[in-house]
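One structure is given here, and the rest of the page talks about it.
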Amino acid sequence: MTDNTLKTAAENKIKELERMRTNLNEQLSSKQSFNLAAWSEYGSELCAGEMIRDEQEISNRISEIVNKIALLRKFIQGELDVSAEEKLKKNSEEIAARIVALQGSKQLVDGELSEIMRVKNLLNLTF
């Protein structure tokens, strides 16, 4: 796919996500109003924890959508180059291989340090 095709798809996805966000904002507002009215009417007979959890769940879904929209906008504005995927995968694999090699080297150094500490401890025990 070309960048323009992907950007068009991203713009369409943003519109879809914005509709979802609007819907969830309305749900949250409605839930908050209902919970407030119910609490005023019935008070401690209700489970406040469940009310808060329900509102928080909707808020979390809204936050996820906001983050997705921000990511798509970053792509559209050219701040994220999706064509760099293969290069980044290769770089990641190379870094992972270096990390494995460095971990092996560290284990060797740690092993030698351990032996040195054991010798020092043995020498401290005998006079």
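Does residue 87 satisfy being within 30 Å of residue 4 (Cα to Cα), among the basic types (Lys, Arg) and part of a helix (DSSP H, G or I)? Yes; evaluated as a whole, the condition is true for this residue.
May I ask you to list the residues in region 9-59 that are over 25 Å from the mean Cα position of the chain (by Cα), of a type in the set (S, T, N, Q) and surrounded by 11 or more Cβ atoms within 10 Å (Cβ to Cβ)?
The answer is 29, 30, 32, 35.
Taking residue 50, is it at pLDDT below 90 and in a helix (DSSP H, G or I)? Against the criterion (at pLDDT below 90 and in a helix (DSSP H, G or I)), residue 50 qualifies.
A quick yes/no check of all residues on (1) assigned to a helix (DSSP H, G or I); (2) outside the structural domain of residue 34 (by TED's automatic domain parsing); (3) modelled with pLDDT of 95 or more; (4) basic (Lys, Arg):
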{"site": "63", "(1), (2), (3), (4)": "yes, no, yes, no"}
{"site": "67", "(1), (2), (3), (4)": "yes, no, yes, no"}
{"site": "72", "(1), (2), (3), (4)": "yes, no, yes, no"}
{"site": "102", "(1), (2), (3), (4)": "yes, yes, yes, no"}
{"site": "112", "(1), (2), (3), (4)": "yes, yes, yes, no"}
{"site": "127", "(1), (2), (3), (4)": "no, yes, no, no"}
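State whether the residues of region 33-41 include one that is among the aliphatic types (A, V, I, L, M), farther than 25 Å from residue 66 by Cβ and in a helix (DSSP H, G or I). Among the residues of region 33-41, at least one is among the aliphatic types (A, V, I, L, M), farther than 25 Å from residue 66 by Cβ and in a helix (DSSP H, G or I), which makes the answer yes.
The values are calculated or read from the model by the stated rules, or taken from the named source; none is laboratory data. What you are looking at is a predicted structure, and each value in this text was computed from that prediction instead of being measured. Cβ coordinates were reconstructed from backbone atoms using ideal geometry, including for glycine residues, and neighbour counts include every protein chain displayed.
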